[in-house]
Structure formats: C-alpha cells, structure tokens
Amino acid sequence: YLCTSQVIFIYIATKLCPSVRAAAVNMSTLLVNRPQYSWLRELGLGEDNDGVYNGCWGGQGQVVTSYCPANNEPIARVRQVSQTHIKRREIVRQIGDALRGKIKALGSLVSLEMGKIYVEGVGEVQEYVDVCDYAVGLSRMIGGPILPSERPGHALIEQWNPVGLVGIITAFNFPVAVYGWNNAIALICGNVCLWKGAPTTPLTSVAVTRIVAEVLERNHLPGAICSMTCGGADIGTAMAKDERVGLLSFTGSTQVGKQVAMMVQERFVFEDADLNLVVPSAVFASVGTAGQRCTTTRRLMLHESVHDDVVERIAKAYKQIRIGDPWDPNTLYGPLHTKQAVQQYLAAIDQAKQQGGTLVCGGKVMDRPGNYVEPTIITGLPHDAPIVHTETFVPILYVLKFKTEDEAFAWNNEVKQGLSSSIFTKDMGRVFRWLGPKGSDCGIVNVNIPTSGAEIGGAFGGEKHTGGGRESGSDSWKQYMRRSTCTINYSKDLPLAQGIKFE
C-alpha cells in the first residue's frame, strides 16, 4: 500500500514555475512577508508553497491564495495537485511531541487562515496532541479475542490487520483536529494515510504535514506514509472512487461527488431545567467558532413555560459577546471563514423571515473589514420549516416552542441528520427515556451539557445522513483495520461441520 500511495502521486511532484509566481498575488502584499507574521516561517511556510507531499514536496496544479477571514488580506500561495521496523506508537508519540513544540505558531495559523479565535486555534492543535497521546496507549490494547470453539482441540481467533491506505478529506472548520483524529489512530493500526485538506485552508495542511514529515525523515521512514495533497472537488472525487483506498474518512461539503449531509444539532430545555446551565451552554454552543462547528447548536427547543425567559436571557448574553480580532485574547467571536459564508448567512435570514420567523437580535453584516456578521436569534418558526431543517454553517439559532416530551423527542428525530443532541432536565426518568430506544437517534446524546465540546475518549460520529463510523473512542481503531476469523486445529482429529464423516 505504501508503494501504491507513491505511485498515485509521485508523478505530480514538480516545482512551481516562475511565470506562475509572477502572475499570482504580488509578494509585497502577502502577510507572510510582514514582520508581525514572522512565525509563519517557523512553520516552514513562504510566499509560494508546494501543496503535495509524498516523501518529497511538489505540485503542478492550480495556484491558490489563502486569505485571512479577519481582514481578507492574502497570507501566502499554495500550488495544488492536478489529477493527472520501528514501533508505530513511537512515531505517533514523536508526532505529538513535535506538535507540542509548534503549538502556538500552528494555533496562530489556524486562527489566521480559518478565522476562529486564537484560543480555539491552539485548542485544536492541542486536540491533535491529545489524540496522539491517546493513540499511543490504545496501541497496547489492539487485538482480537480467543473464542471458545465447539470442536475439541481447536482454537478460534479473531485477527485484525491494517486496511492499507486510509484517505482523509477534511473541512475548513477544523483543519487540524479532524486530520489528527484519523491520522494518529490509523498509524498505530499500521496504515498509511493520504490527506486532502479544505481548499480554503491549504497553508494549515502544508504546515501540519511539514511537522509530521520531519518526524518521518528523522526516523528514516518513507514520507509517503503520511501523504498530503491540496486540491479541490476533483481530487476528493478521485479518492472516493479509487478502490485502492481501503477506508475513506470524509468531513465537509457535497462537492466531492457524494451527497454527504451536514449536521443539524438539537437542544431541548424542559420546564424543570436549571436555567443557569442552559443559558451559558446555549450561548457557547451556538456562537462558538462563529457558528461553524459541526456540533454547533442550530435548533433550541424550549418548553413553553420557560421559552420567553430563556430567549430574553440568551439575547442579553448575545449582546455582551466580545466580537473582534481573533488574536485578541479578550475576543470570544471572530469572523466567518469566507465571503460566501456571509452570503449564506444573509440568505438564511431572508428565508427564515419568509417562512414566518421573527428576528430577535442580530441579522446584519458588521461594518468592519473581514467576514464579520452578528450572532442571530430567530423565533416563531414551525418545527418543520424548511430553513430549520437546512444546515448552514453560520451563527443563526432557531428557537422553537414545544409542549410535551413526546413532541420534543419527535422533533429531534424528524430531520435527516443526527450528530449531536442534548437535553436540560432534572428528571432522571426523562434522562433515561432520552437515552433509550424512543429517545434521541443521534450519535452524541448529552444531558445538561452543550452539544459542542466532545472528549477524545468518547466515540465521535453521527447517525442517518450524518454518516457512519466513529472517530476516536475506545474501539475506533477497528474501522482502520480488517477483521479475520481463524480456526486452528491443534489436535489429530478432524471433526467436520454438520456432523459429516468420510469413511
């Protein structure tokens, strides 16, 4: 599989030609050349960056410029791809240590290129580090059971082997962590990885790969173990169709040729809920990362007895959110990732109004450089309004009013997606009904905590159109391996199935 990975991409490793460089964004305007962004050089980034790695750096496709969402200024350029026996856990441990050494610079790059606030950028890199630590421990527990055999003198064994080549396609909102979830565990299972990051965060993909590549080179291992390519939907489509990819982990839009639904998150607040938990949880989960997390709360369902009080409290909290420069430590809310996201925000608000919604607060693009919009609350929509069931990665919270538990649970499950959900209640009977077969059908089912903020020790993933499989968690390694059942006859007898005997 290692050789296969090299064959797929080795022919595209060529250097960026000077004529293309000259036609691209003028180097004097790039943030990478400004003194205050000198830390980008610490990550191995320059004006022009090769966007393909398979043991050597290259690329001969389109040149893309990465922009800072906070001011829409160009950071640097990346050349995309064109479609044309050391212990594994020790390597993963070293990758984690290497990331620790670059955590501030890499976290700053995530903030610069994606737009999330600095503390979230650093936290995302820390999550990759944590997964490396977790995977190192997990590597000591991988193995199949020895099962009792019905036949005397026989042993029944489950054997797990690597699937081979793991394809990883990640989205803009977590350009480091999602790759880390997959990469660390895939490696300790003995696989090689091919990563395609989001087209709008290519510098982050390059910087992470440079850190990983240094570890591989230091241990005299082939770089193609962790290959990377910057590219668009055509590359994602090729990865999805290529039968040599044993497992494909996909997070993002539907542009790679498969309809992969985004995640719609739900939260319920019952009449007995502790509102001192509800309000900060709702605010954190609805505006964190400017509403661009896959676990962002989109629908807030409030019991009719507490609806008005909770809406008033959340609206008051929204007005106190510190909006501004992602690198300011006092900032809690930064810009949207792209200008297109701003247009999606405005379109969603218009649709909500047309479908009967009432704008409680927000709803405007902010008058400042960058892709800043106001966090928004909309009430009065019916539970089955089309816009309520439509995923938009923007900070819009749809607040719905319900009367009964059965009604609330039914609304939770009526959508096609099912990643994360949460209820706020003191009723333990309701808690276990929520967890039971007639409760939430989501992959993450929380009680009295936000929909966001999953721990790496628990399996992360959704149901229905949100996808299958899990990332991280105690048995996540199984999906990166293939399973075999082996029966060993260590006796001198040969008992056959169905009692058949040959005389």
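The values are calculated or read from the model by the stated rules, or taken from the named source; none is laboratory data. Owing to the predicted nature of the structure, the values given are computational and were not obtained by experimental measurement. FYI the Cβ positions are ideal-geometry reconstructions off the backbone, even for glycines, and counts take in every protein chain you see.
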Among (1) over 29 Å from Val136 (Cβ atoms); (2) crowded, with 20+ Cβ neighbours inside 10 Å; (3) modelled with pLDDT under 80 - the single one Ser422 does not satisfy: (3)
All strands (runs of 3 or more DSSP E) inside the stretch 338-413 with 1 or more residues being assigned by TED's automatic domain parsing to the domain that holds Thr289 and under 26 Å from the mean Cα position of the chain (by Cα): 376-379, 396-402
Test: Val310 is under 30 Å from Lys403 (Cα atoms), crowded, with 16+ Cβ neighbours inside 10 Å and in contact with a Leu (Cβ under 7 Å, 6 or more places away or on another chain): yes
Meets criteria (out of contact with any Phe, Trp or Tyr (no Cβ under 9 Å at 6 or more places or on another chain), of a type outside the set (Lys, Arg), surrounded by 15 or more Cβ atoms within 10 Å (Cβ to Cβ) and closer than 25 Å to Gly231 by Cβ) for Val163: no
Subset of the stretch 366-394 [more than 22 Å from Lys464 (Cβ to Cβ) and touching an Asp or Glu at 6+ places or on another chain (Cβ under 8 Å)]: Met366
Some residue of the stretch 160-176 being at pLDDT 95 or above, part of a helix (DSSP H, G or I) and β-branched (Val, Ile, Thr): no
Residue within the stretch 424-444 that is under 20 Å from the mean Cα position of the chain (by Cα) and more than 30 Å from Gly334 (Cβ to Cβ) present: no
So Val212, is it under 15 Å from Val131 (Cβ atoms), outside any strand (DSSP E or B) and of a type in the set (A, V, I, L, M, F, W, C): yes
Residues that are more than 17 Å from the chain's Cα centre (by Cα) and outside any helix (DSSP H, G or I), drawn from the stretch 186-209: Cys189, Gly190, Asn191, Val192
